[in-house]
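Undergrad: Got a structure for you, written out below as structure tokens; questions coming shortly.
The values are calculated or read from the model by the stated rules, or taken from the named source; none is laboratory data. From a predicted model like this one, the values you see are computed outputs, not experimental measurements. Here Cβ is always computed from backbone atoms with ideal geometry, including for glycine, and neighbour counts include all displayed protein chains. To get the accessible areas, we keep the full protein, side chains included, count just its heavy atoms, and leave off ligands, DNA and RNA. Shrake-Rupley method; radii C 1.70, N 1.55, O 1.52, S 1.80 Å.
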Amino acid sequence: PSGACSVAVRPNPFEDRLVVWLNEEAGCEPFFTLFDATGRRVKEQLLNPGYNHIPTRDLPAAVYFWQAAAGGDVVGKGKVVRVF
């Protein structure tokens, strides 16, 4: 059901990884996508229930936008900052 899929992204600001949490009872399988300020996809990963670790050491310090989408529906989105 819509709204049952809950995603949280921490820490913010981040350094060498992002931790993306997906509600374990959600019953959805969203894709997490990280975009740079120009809208280019820089990371994409299918989320599993619980904690998902996304390595970011290869990304420069900048502002990034994230989105989690399942079945064509956006279930979460936000902004994070990469620092060194």
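Undergrad: Give the shape of the chain as rounded, prolate or oblate, defined through the alpha-carbon gyration tensor: a ≥ b ≥ c are the square roots of its eigenvalues, a/c under 1.5 means rounded, and otherwise the shape is prolate if a/b is larger than b/c and oblate if not.
TA: Verdict is prolate for the chain.
Undergrad: At a 1.4 Å probe radius, which order do Trp66, Trp21 fall into by accessible area, largest first?
TA: Trp21, Trp66
Undergrad: So how far apart, in nm, are the two label points at Asn48 and Glu24 if each is 7 Å from Cα heading toward Cβ?
TA: 1.3 nm
Undergrad: Tally Lys and Arg at +1 and Asp and Glu at -1 over the other residues with C-beta under 15 Å from the C-beta of Pro49: what net charge comes out?
TA: -3
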